[in-house]
1. For the cross-link pairs 7/340; 89/211; 211/340, which exceed 22 Å when the distance is taken from alpha carbon to alpha carbon?
2. From a point 7 Å beyond the Cα of residue 376 in the direction of its Cβ, which residues of region 293-309 have a backbone N at a distance under 13 Å?
3. For region 120-163, state the average projected area of the convex hull of the C-alpha atoms over all orientations, rounded to one decimal in nm².
4. Given axes a ≥ b ≥ c from the Cα gyration tensor, I'd like to know whether region 57-140 is rounded (a/c under 1.5), prolate (a/b larger than b/c) or oblate.
5. Based on alpha-carbon atoms only, what is the radius of gyration of region 189-308 relative to the globular estimate 2.2 N^0.38 Å?
6. Taking only the Cα atoms of region 257-399, how large is their convex hull per residue, in Å³?
7. May I ask you to derive the FRET efficiency for residue 117 and residue 32 from their Cβ-Cβ distance with R0 = 51 Å, giving the value to the nearest 0.05?
8. Could you tally the net charge around residue 24, taking each other residue with its Cβ under 12 Å from the Cβ of residue 24, Lys/Arg +1 and Asp/Glu -1?
Amino acid sequence: MTLVVQKFGGTSVGGTDRIDAVAERVVAARDAGREVVVVVSAMAGETDRLLGLARAISTHGRPNPRELDVLLATGEQVTIALLCMALEKRGITARSFTGRQAGIVTDSGHTRARILEIRGEALLEEIRHGRVPVVAGFQGVDAAGNITTLGRGGSDTTAVAIAAALRADECQIHTDVSGVYTTDPRIEPNARRLERISYEEMLELAGQGSKVLQVRSVEFASRYKVPVRVLSTFESGAGTLIAEGNGTVEAPEIVGIASSRDEAELRVSAPSAELLPGMIGALAGSRIEIDLIVQNLAVDGSANVTFTVSRQDYDQAREILAHFFRASDVRIEGDSRVAKVSVIGNGIRAQRADVAARMLGALAREGIVARQIATSQIRISVVVRETEMERAVRALHHEFGLQHAVTGREANA
């Protein structure tokens, strides 16, 4: 029998009527002969509400990370219980599982924990007895028994990790969009849904700003070769399959344009480059992720380094840098209002110079200057002013012809 893990996000379980609709989808999968494990997020807005309470009552608005995890984990517990009740109303025996009960073991990085192991025996036992396990996403437990949470979008990671541990045939991510698009349809109305995308391309899209899937969930899927399908909770359709390969013999040059407003830029001018590795280590020790690093060395040995961090980490990053360089003649500057736009596709491997030239040319025609440029095997990213981001996305989407369907990769809408 086919085993699927179905994950439903916050908008999918935003009220009792929507939870009832989710229960109908689970029943339909069971009626089709599938065994099902369900992973759910907190109801839409609940995590933000709890976070607001924590900040309001804490010293300087910075709650203790351990206690914050205890608080935030309650959001998913509400949803798992309500969904089990909705399933039982339909004659399906279901049982709710917190992260601890589901055997999700993490490190001790509160609010940003990483999954170390899934002990899936309890879930498999439920499946063997014909019951539907309903698991709280976004949470786990560390070796000391402390509740941990996985960070924003962590329920995606929970679902894919469980699918890998249970060797599920497919992990289905049900959300408020009908699949993965060539870019954000709210910015570019001509964006098209992709029928299929490779793990590598999806990892770059997620890492560069696409909100459809969390980066770590795609990493799990790629590592353990879990087929992931992104579907709409509210509409029928095949969605987008994320799997190995390109899905077509002649893959298009560019598969999508990703964008992110959640960016901030930091610039450090130091008398010696020898100071910089320790700086990076200090930020990494606080789990602040760094992106798009550009370093310039002068003849006299001084160095300038510019890099981006998540906007939510900007203030903390500046504090860490100020403390690290407190005894040094170092200048720290920043801008918390920048955005990142990325062109992504396997075709970049062999045509990086041509793609970069077209990308910069299209931006220049819009009067947009790239403040930073970074590349990988299948990605070219630029940092621009936040106010220029949407124009940049539309210009690049048009430049690379992503409004036109490509057989095997884009949906025939």
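Read-outs: derived from the displayed coordinates by stated rules, not from any lab. Here the structure is a predicted model, which means the values were calculated and not measured. For neighbour counting, all protein chains shown are included, and Cβ atoms are generated from backbone atoms with ideal geometry for every residue, glycine included.
1. On the way: 7/340 29 Å; 89/211 33 Å; 211/340 14 Å.
Checking Cα-Cα distances, 7/340; 89/211 exceed 22 Å.
2. Backbone N within reach: 293.
3. On the way: hull surface 13.8 nm².
Result: 3.5 nm².
4. Cα axes put region 57-140 in the oblate bin.
5. On the way: Rg = 19.3 Å, N = 120, 2.2 N^0.38 = 13.6 Å.
In units of the globular-protein estimate, region 189-308 measures up at 1.42.
6. Working: hull volume 17.2 nm³, N = 143.
Value for region 257-399: 120 Å³ per residue.
7. Working: r = 31 Å, r/R0 = 0.61.
After rounding, the FRET efficiency stands at 0.95.
8. Numbers: positive: 18, 25, 30, 89, 90; negative: 17, 20, 31.
Its environment carries a net charge of +2.
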